[in-house]
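What follows is a single structure, written as structure tokens, with notes after it.
Nothing in this text is a laboratory measurement; each read-out follows from the coordinates by a stated rule. Small disclaimer: the values here were computed from a predicted structure and weren't measured. Please note: Cβ atoms are built from the backbone with ideal geometry, for glycine as well, and neighbour counts cover all protein chains shown.
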Amino acid sequence: MNNPGPSRPGFSFAPEIPGPRFGVLGSGKGSNFRALAEAWKEGTLGATPAIVLSDIETAGILPLGREFGIPTHFLPPGPFRTKMTPEAEEELVRHLREARVDFVVLAGFMRVIKAPLLEAFPGRILNIHPSLLPAFRGLEAWRQALEAGVPEAGCTVHLVDAGVDTGKILGQSRVPVLSGDTAESLHARIQVAEHELYPRIVREFAKQIQG
Ligand code: GAR
């Protein structure tokens, strides 16, 4: 089947390109992106990161992208704390289209995605969230889990829809909450699980959209 990606209708994967292309959006240090990029370098991801974009000029994910030889850009998000302006999101879409990506991976991107991006890549935006959704949506989910006193935490990869952490679940990993855990120690344990889960689910997703 030809790739039905919105950015390049009729495109067939060239044999030298390992799978579909994806764009990465991140606001933080980029450890999830690193896990994906390492799998790509090892030839086990089945997809190629084509661009890394951030709403935070000093985010570690930008130099990390360059370290892997991937084009990176800082995109000023505008004045709101929790979302980008429609204009800023249009600019984001422009970069993703120019990079000819077939899907989008959120890797610690801390703004809510709105119509311009959702409509440009319907059903093609993945996110990783540090809880066992539907429990503990929103910010610092590991801290929410610790404060709720649950015995088990984890992480979820899901499709992004117009809600906050509400889209279709593609995969989850569970980790125990240990006595004596701090927010930091629990988040660190969840991140180890994230770095195994995200490449695995991206590989499955890439395979699925190739038909
Ligand atoms: C990850 O734990 C990810 O699950 C979380 O931010 C961290 C980013 O770390 N994302 C969210 O909370 C999104 N709601 P990283 O920059 O090292 O990948």
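If you take the charge dipole of the range 32-140 about its Cα centre, with +1 on Lys and Arg Cβ and -1 on Asp and Glu Cβ, which of GLY108, LEU36, LEU132 is farthest toward its positive end?
LEU132
In what sequence, highest mean first, do 152-160, 70-78 appear when ranked by Cβ atoms within 10 angstrom? It would help to have the intermediate numbers written out before the result.
Numbers: 152-160: 22.8, 70-78: 16.3.
The most tightly packed comes first, giving 152-160, 70-78.
Work out the FRET efficiency for GLU57 and THR182 from their Cβ-Cβ distance, taking R0 = 25 Å, and round it to the nearest 0.05. Mind showing how you got there, number by number?
Working: r = 30 Å, r/R0 = 1.18.
Efficiency computed from Cβ-Cβ geometry: 0.25.
What pairs in LYS83/LYS168; LYS29/LYS83; LYS41/LYS168; LYS41/LYS83 have C-alpha atoms more than 26 Å from each other? Intermediate values should be presented prior to the final figure.
Values: LYS83/LYS168 21 Å; LYS29/LYS83 19 Å; LYS41/LYS168 28 Å; LYS41/LYS83 32 Å.
Over 26 Å apart, Cα to Cα: LYS41/LYS168; LYS41/LYS83.
Rounded to the nearest 500, what is the chain's calculated 222 nm mean residue ellipticity when only DSSP H runs of at least 4 contribute -39500 (n - 2.57) each, over all residues?
Working: 6 runs with 74 residues, N = 211.
Roughly -11000 deg cm²/dmol at 222 nm, from the helical runs in the chain.
Please express the Cα-Cα pair-distance distribution P(r) of the chain as a list of whole percents, one per 5 Å bin, running from 0 to the bin with the greatest distance.
So the P(r) values, bin by bin, are 1, 7, 16, 20, 21, 17, 10, 5, 2, 1, 0.
Assign unit charges at the C-beta atoms only (+1 for Lys and Arg, -1 for Asp and Glu), then state the dipole size of the chain relative to its Cα centre in Debye, rounded to the nearest 20. Can you show the working numbers first?
Working: 22 positive and 23 negative charges, 66 e Å.
Here the size comes out at about 320 debye.
What is the calculated FRET efficiency for GLN208 to GLU42, with r their C-beta to C-beta distance and R₀ = 25 Å, to the nearest 0.05?
Working: r = 21 Å, r/R0 = 0.83.
Here the calculated transfer efficiency is 0.75.
GNM on the chain, C-alpha springs below 10 Å: top fluctuator among LEU146, LEU133, LEU62?
LEU146
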